[in-house]
Structures are given as structure tokens and as C-alpha cells.
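Remarks on the structure that follows.
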Amino acid sequence: AVVSTQSTGEDTVNEICRIFENYKHEGSEQVSKDEAYFAKFLTSERLLTLQILDSNFRRHILVQILTLFQYLTGDIKFKPNKLVLSEPRKFWIRDTTNNIYSILTETPPDGAAFVKHIKSVLKYENKWSRWKNEGCPSLTKSAVDKMKQQQKGVRRTVRPMDFTSEKYDLGNTTLNDLWNICPDNLAACQDSNRNFTPETYKFFEECIEQLEPDSGVEKQYYLTNDTAFVWRSLRL
């Protein structure tokens, strides 16, 4: 039923919880997990006492109240601005929620497991509400986002280079050896010994010999099949 005021709503929920607490489900009848479940209930007052002892009826009512409580206390973007709860009502919702979970836990069959599932469902529903509040952003992470997520928490130590020293530490042994071969890098680049470009004939001499019919070298072993040799030959 739709209540007209918050006070009436509080009284109604309190009365529902009081009735369910007083008319406890003893669990004398064995409830089958495969039993067919029909969500509609009769409204006859003469049947209400029997329906109160029905586990499905209890859960049907109490879960709706929990869903309403989460809506009232949650951060919902499209919730009316006038729907603001006072601090006493927030405390009442918190205490009543705990009481409802206690009633559901005592309701067979598998009350504790049922409460666990309901909390999980409401938790995910709260996540969907936040997703809609943010304008329904894409749920697919890009490669950049995944990389940032992987690098998150990884702390890197960056050591500043000491330019006053004669040797440089680049953080890698091989780079350090190459960089420190000569104290003066500019002079090293201008050194005449770096002019080691081979003569064209000498460079291709072995390759030409392999092409001779009587060389005895199989085609699969030709230098022309060596990618490194091809790369160097194109840069002569």
C-alpha cells in the first residue's frame, strides 16, 4: 500500500515487523527447494494469518521494504529534491534494516544464505545507480585504462644523473658501457676510426662467390637469405 506521510509509513513498517516477530515461523513443515513459487497472494483477511506463516510471503514483503530503504538513503540522481530524510529517520531506517535482516535470517529455509544473497543483490543495484548517476559511461576499459590500472601502485625510483661525474649511470649495464667508452662523446663521434664503411666489392665478394655454380653452397644458406646481411647491404 502507498502511504501518504512518512510517519504513517514508519508506523506501517513497525507494525509489519512486530507481527512477523510475534508470529515466528517454527519451520515444522519441511519446505522443498524445488517447490513451485507463485508471487501473488490472496487478500482475504481470513487467510492472512496463514499467509503470515508462509516464508515466501514474509520474504516478498520484507525485501520490498529493504529496496525502498536503499532508494530513500541512496544517492539517486533522479530522486525528487523534496525527498530529504531527517537524521532521526535515517537512524530509524538503519535500525529497522538490521531488524528486518534478523527476521529474514530466522525465516526458514536457509535464512542466513537468503540474507547473504539479498545483500549482494542490493549492493550491485547500488553500483548500477552510481553508474546511471555518472551518465552511463562505457563499461569497456580501453587499453590505456588497463595499462594505467596495472601500473597503479607500482612505485618507480628515478635516480637523477650526476653530470659532474666523468661517468654516467644510465640504469643499464650495456648502456653504461657504451656511453662511457669515451669521456668526450662529441670527439668520439668525429673520430676517423668510426669511418668503417666497407668497399662495395669486398662487402659482396662472398655473396658473389656463393652464386657460382661450383661453389657447393645450397640456396638456403646464401647470404642473400640472411636478413641482417640484406639490411646492411641496403645501407651501404
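What to note about this one:
- Partners of K79 within straight-line reach, counting aspartates and glutamates whose Cα lies under 17 Å from its Cα and excluding those fewer than 8 residues away in the same chain: E125, E134.
- Two-site label geometry, K202 and K148: point separation in nm, points 7 Å out along Cα→Cβ: 5.6
- Value of Rg to Rh for region 77-149 (Rh from inverse mean 1/r over Cα pairs, i.e. Kirkwood): 1.14
- Alpha-carbon gyration tensor eigenvalues x 5, square-rooted, for region 73-112, Å: 29, 13, 6
- Net length available on complete extension from S233 to L53 is 55.7 nm, with 0.36 nm assigned per residue and the Cα-Cα distance removed.
- Available extension along the chain between N172 and D184 is 2.4 nm, counting 0.36 nm per residue and deducting the alpha carbon span.
- Inter-probe distance in nm under a simple model that places probes 7 Å from Cα toward Cβ, at Y124 and F78: 2.1
- Karplus 3J(HN,Hα) series, Hz, for region 65-77 with 6.51 cos²θ - 1.76 cosθ + 1.60 (x for Gly, Pro): 5, 4, 5, 5, 4, 5, 5, 5, 9, x, 8, 9, 5
- Distant-in-sequence amide contacts of D169, defined by a placed amide H-H separation under 5 Å and a gap of 5 or more residues or a different chain, comprise D162.
No lab work stands behind these numbers, since they all come straight from the coordinates. Not measured: the values here are computed from a predicted model. Glycine also receives a Cβ, built like all others from the backbone with ideal geometry; neighbour counts cover every protein chain displayed.
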